[in-house]
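Structure first, commentary second.
Every number in this text was worked out from the coordinates using simple rules, so none of it is lab data. Quick caveat, the model's predicted, so the values are computed rather than measured. We place every Cβ from the backbone using ideal geometry, glycine too, and count neighbours over all the protein chains shown.
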């Protein structure tokens with residue numbers, strides 16, 4: 001049996017083990033589930049080592065960039081969590097991550113999630129040279145964004161005009177949630193089709 | 001000091017990251033990449049910590065013969081089977097053991113796990129989606145149109161309609177207009193929320209990440 005054929009059989013049997021959960025929880029599924037957790041953990045460990053630790057820490061220390069001793073020390077502190085007596089040292093490493101992450105997020109989120117979104121929403125509604133439906137769509141997006149934001153504004157009671165605008169916001173949000181749901185379901189179904197195709201084509205050669 | 005020093009570290013790191021954006025000159029200019037690299041290194045070690053914890057948990061399960069301890073052997077074998085070739089034997093080169101396990105064990109199991117959700121989402125939505133109110137009906141109809149519009153049957157059902165009015169066109173319009181509007185409103189709200197929370201963290205008002213005692 002060639003290695004490729006062995007790989008196909010292995011993948012097919014593991015796929016069937018996982019699909020067996022559709023009947024009920026059983027030892028085959030439990031086996032595949034535990035194997036998946038172990039293999040995933042191993043994969044991400046190797047991925048982190050070769051893509052994060054090696055290029056950012058080991059290579060820099062080998063090049064005598066001694067300022068990288070600080071993240072090395074903090075990383076060691078992170079592992080101190082395993083020793084209860086000195087576990088509190090891991091807070092220093094967590095504080096570094098939380099602090100730099102928070103500082104970075106203030107800038108990036110303000111730019112990408114706020115200013116860029118405003119910029120994309122406030123487009124010209126001048127119909128000159130544009131098809132009518134493009135202008136209408138831009139207007140609808142503007143109405144949807146403003147009313148959606150009004151719905152999320154809880155410092156004022158949703159009554160009167162505010163309530164009416166918030167109601168329009170709810171309509172847009174419901175359509176958005178429905179569309180996101182449908183999109184997610186279809187993504188899962190395309191994965192399912194992929195697995196079925198693998199079983200029927202690559203493994204059994206029926207299609 | 002066990003709480004004060006972490007708060008100082010958080011404040012200094014947070015302020016430095018903000019300042020480097022407004023003053024892109026030395027020494028702040030090079031600090032961004034240094035902090036980002038350090039962040040990645042520590043985050044990688046946080047993951048290593050998690051894997052050490054997982055190993056410890058399952059080793060104890062095997063040692064004390066707790067219920068289903070046999071599966072812990074499978075988990076540890078999978079972990080070792082992936083880690084040893086990935087770190088030591090031939091690393092992660094194409095055609096190696098790591099590559100074989102990744103292609104024939106990790107990827108098939110991952111996509112099968114996610115594809116299982118198709119069944120559970122379908123059965124959950126069958127029970128949850130009742131068009132009792134206008135809002136629920138909107139959600140249901142939008143989801144239904146997007147699902148049909150992404151499958152060939154959707155266009156086949158509406159083939160009598162002119163181009164631009166078929167199911168896939170309507171689904172694309174829903175994704176491009178009302179969905180974009182809703183997503184933007186959510187993103188802007190979430191963005192402001194992240195900024196507010198980050199400020200609270202940097203200023204030491206929010207301290208829950210430090211844990212107890």
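Take each peptide in B:41-47, B:21-27, count the other Cβ atoms within 10 Å of every residue, and average; sorted highest first, the result is B:41-47, B:21-27. Over all distinct Cα-Cα pairs of the protein assembly as shown, the Kirkwood formula returns a hydrodynamic radius of 25.7 Å. Ranked by how many other Cβ atoms sit within 10 Å of their own Cβ, fewest first, the residues B:65, A:30 fall in the order B:65, A:30. Helix B:69-87 axis versus longest C-alpha principal axis of chain B: approximately 80°, rounded to the nearest ten. Note that the stretch A:67-121 carries a Kirkwood radius of 13.1 Å, evaluated over its alpha carbons pair by pair. The label-point distance for residue B:137 and residue A:167, in a model that sets each label 7 Å from Cα toward Cβ, rounds to 1.5 nm.
Peptide A:113-120 shows a mean partner chain C-beta count of 5 within 10 Å per residue C-beta. Angle, helix B:178-202 long axis vs. longest principal axis of chain B, Cα atoms, 0 to 90°, nearest 10? In chain B, helix B:178-202 runs at an angle near 20 degrees to the longest axis. Applying 1/(1 + (r/R0)^6) with R0 = 41 Å to the Cβ-Cβ distance of residue B:122 and residue B:66 gives a FRET efficiency near 0.70. At 1.002 mPa s and 20 °C, plugging the Kirkwood radius over alpha-carbon pairs of the stretch B:103-206 into Stokes-Einstein gives what diffusion coefficient in µm²/s? Stokes-Einstein gives a translational diffusion coefficient of 123 µm²/s.
Spatial offset of the stretch B:2-72 relative to the stretch B:168-213 amounts to 23 Å, using the alpha carbon center of each. Taking Cα atoms only, the orientation of helix B:167-176 departs from the longest principal axis of chain B by about 40 degrees.
Ordered by the number of other Cβ atoms lying within 10 Å of each residue's own Cβ, fewest first, A:17, B:13 fall into the sequence A:17, B:13. With a 10 Å cut-off around each Cβ of A:134-141, the average count of Cβ atoms from other chains is 3. The calculated FRET efficiency for residue A:108 paired with residue A:3, based on their beta-carbon distance and R0 = 35 Å, is about 0.20. A simple spin-label model places the labels of residue A:50 and residue B:25 4.3 nm from each other, with each point 7 Å out along Cα-to-Cβ. With a cut-off of 15 Å on the backbone N, the residues of the stretch B:148-186 near the modelled label site 7 Å out from residue A:153 along Cα-Cβ are B:185-186. Radius of gyration over Kirkwood radius for chain B, both on Cα atoms: the Rg/Rh ratio is 1.08. Averaged over the residues of peptide A:59-67, the number of Cβ atoms from other protein chains lying within 10 Å of each residue's Cβ is 1.
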